[in-house]
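Visitor: I'd like to ask some things about the structure below.
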Amino acid sequence: MKTDSLTIGDREFTSRLFLGTGKFGSNQLMHDAVVAANSELVTVALRRVHLQEQKDDVIAHLDIPNVKLLPNTSGVRTAKEAVLSAQLARESLQTNLLKLEIHPDPRYLLPDPIETLKATEILAKEDFIILPYINADPVLCKRLEDVGAAAVMPLGAPIGTNQGLQTKAMLEIIIEQSNVPVVVDAGIGAPSHAAEAMEMGADAVLVNTAIAIAGDPVAMSEAFKLATISGRMAFHARIGAKNKQAQASSPLTAFLTQA
Amino acid sequence: MNIYVNDAPTQTESNQSLAAFLANMELDLTKSLAVAINDNVISKSDWSNHQLQAEDRLLLIAPVSGG
């Protein structure tokens, strides 16, 4: 069977389901969900260390074979803050993979396109493998590609809303025009949404809330794994066209009296 | 001398390396800690060599869960 691996920068992935690690009930649940997803790339955030109270080590729970960490810059509001955050992330986790995430508005957490483009241009020159999180703007995606983004991560719907692919029409254009991998990130609320994105030709999906807040996160994670694989297989199998008019599946002859 | 650690003013000895300061704070140095001083990241390999100055602004960062 031909390999269908995904290359981002110089990293190769067999699984096209990336996971976020936020909102889980416990680090153990988070670990088990990552394993159930068979994911090879999971995001983490960075925060100031509280000197009085040292939190449970999330990194220890993500020491899983084949899993790479993708630090994000959530919490920053400007390109300048993002650049410092990226440099700290690289030092902290010894990786140049980076999810560039700049969303100052807390109500919708929509990413700032101008600061994101600025930061991508700076960080590409510092040898980061940048996966910028952005609204589903096809023009912005091409601009990011031009300044050295290794992939683009357009949202399906705002973070944590579980609304599915609200930006479907724009995602189609992005997928058609992009020369770098397209990872649909944010808003995916059910495995069917992940399958839908993959059927459209997305290269990967990133899911966090939908798994973390499910009744059974580990089972949901496995469901997402299967949906992502299914959607990708369907994409390769080339889905048939839609029709307005009915197309009979059996010959239209009178019952029993005609051949 | 006075320095700032994650914006909090902190009194500490003069002529101290960053490594010594962190050791005194009893921070677990294996926990993927990253440090910036005055917005410049200081590599772990430089912690022993880097001397703290008065009014230095230290930023201590570590990974947490997130999407």
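Visitor: Tell me, Kirkwood radius of the protein assembly as shown from alpha-carbon pair distances, in Å?
Guide: About 21.2 Å, per the Kirkwood formula over Cα pairs.
Visitor: Between A:Glu126 and B:Tyr4, what FRET efficiency comes out of the Förster formula 1/(1 + (r/R0)^6) with R0 = 30 Å and r the beta carbon distance, rounded to 0.05?
Guide: It comes to 0.70.
Visitor: Compute the acute angle (0 to 90°) between the alpha-carbon long axis of helix A:168-177 and the principal axis of greatest extent of the alpha-carbon atoms of chain A; round to the nearest 10°.
Guide: Long axis of A:168-177 versus the principal axis of chain A: about 80 degrees.
Visitor: Okay, moving on. If I model a spin label as a point 7 Å beyond the Cα along the Cα-Cβ vector, how far apart are those points for A:Lys68 and A:Leu252 in nm?
Guide: Here the modelled spin labels are 5.4 nm apart.
Visitor: Pairs A:Lys118/A:Lys142; A:Lys68/A:Lys99; A:Lys99/A:Lys125; A:Lys168/A:Lys225: which are spaced more than 18 Å apart, C-alpha to C-alpha?
Guide: Beyond 18 Å: A:Lys168/A:Lys225.
Visitor: Using amide H atoms built 1.01 Å from N in the peptide plane, name the residues 5+ places from A:Val76, or on other chains, whose amide H lies under 5 Å from its own.
Guide: A:His103
Visitor: For peptide B:40-49, what's the mean number of Cβ atoms from other chains within 10 Å of each residue's Cβ?
Guide: 2
Visitor: Residue-wise, which Karplus ³J(HN,Hα) couplings in Hz belong to the stretch A:96-109, taking 6.51 cos²θ - 1.76 cosθ + 1.60, θ = phi - 60°, and x for glycine or proline?
Guide: Those phi angles translate into 9, 6, 8, 9, 8, 9, 10, 9, x, 7, x, 6, 10, 6 Hz.
Visitor: Return, for the Cα atoms of the stretch B:2-61, the radius of gyration and Dmax in Å, separated by a comma.
Guide: Cα only, the stretch B:2-61: 10.3, 27 Å (Rg, Dmax).
Visitor: With each label point set 7 Å from Cα along the Cα-Cβ vector, what nm distance links A:Ile114 and B:Ser17?
Guide: 4.5 nm
Visitor: Arrange the peptides A:167-180, A:241-254 so that the one whose residues have, on average, the most other Cβ atoms within 10 Å appears first.
Guide: A:167-180, A:241-254
Visitor: Now, a different point. Across peptide A:80-92, how many C-beta atoms of other chains are within 10 Å of each residue C-beta, on average?
Guide: 4
Visitor: May I ask for the Kirkwood hydrodynamic radius of the stretch A:154-208, worked out over all distinct Cα pairs and given in angstroms to one decimal?
Guide: Computed over Cα pairs of the stretch A:154-208, the Kirkwood hydrodynamic radius comes out at 10.6 Å.
Visitor: Another question, then. Within the set of other residues whose C-beta is less than 13 Å from the C-beta of A:Ala194, count the net charge using Lys and Arg as +1 and Asp and Glu as -1.
Guide: Summing Lys and Arg as +1 and Asp and Glu as -1 gives -2.
Visitor: Expressed as an acute angle from 0 to 90° and rounded to the nearest 10, what is the orientation of the C-alpha long axis of helix A:217-237 relative to the principal long axis of chain A?
Guide: 60 degrees
Read the figures in this text as sums done on the coordinates, not as results from a lab. All of these numbers come straight from a predicted model, not from anything done at the bench. Heads up, the Cβs are rebuilt from the backbone with ideal geometry, glycines too, and the neighbour counts pull from every protein chain shown.
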